[in-house]
Amino acid sequence: MATGGQASRDVATGGQATGGPVTDDQVAGPAIVVAHGFTGALERPALRRAAAVLGRHAAVVTFSFRGHGRSGGRSTVGDREVLDLAAAVRWARRLGHRRVAT
């Protein structure tokens, strides 16, 4: 779903990923998946600032782990959150990025 220049997608059981508009040269380049820390969320100002800085150099995907921010589900304190990260990486690859860093 596109809102305000960003695409939002439920990418795993509880995680939600967002990414800004992707240009042709960004698809040819790498993508960076930015994961927040414990009790964080993609809406946090520090994460948004980091994503903006990284976005000057590559396409950026941010997301909230299950049970954080607007994501549904319940936190498993790391046990299943790795699935949310893997889903965000898969989404970046589906957007056409061959190289994805986390």
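Where does each of Glu43, Glu81 land when they are ranked from fewest to most other beta-carbon atoms within 10 angstrom? Let's see the in-between values first.
Working: Glu43 14, Glu81 21.
Ranking Glu43, Glu81 by Cβ neighbours within 10 Å, fewest first, gives Glu43, Glu81.
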Item to complete: Mind listing the long-range amide H neighbours of Ala101? Cut-off is under 5 Å, sequence gap 5 or more, other chains count too, H placed in the peptide plane at 1.01 Å from N.
Response: Ala31, Ile32, Val33
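Read the figures in this text as sums done on the coordinates, not as results from a lab. Predicted model, so just to flag it, every value in this text is computed and none were measured. Backbone-built Cβ (ideal geometry, glycine too); neighbour counts: all protein chains shown.
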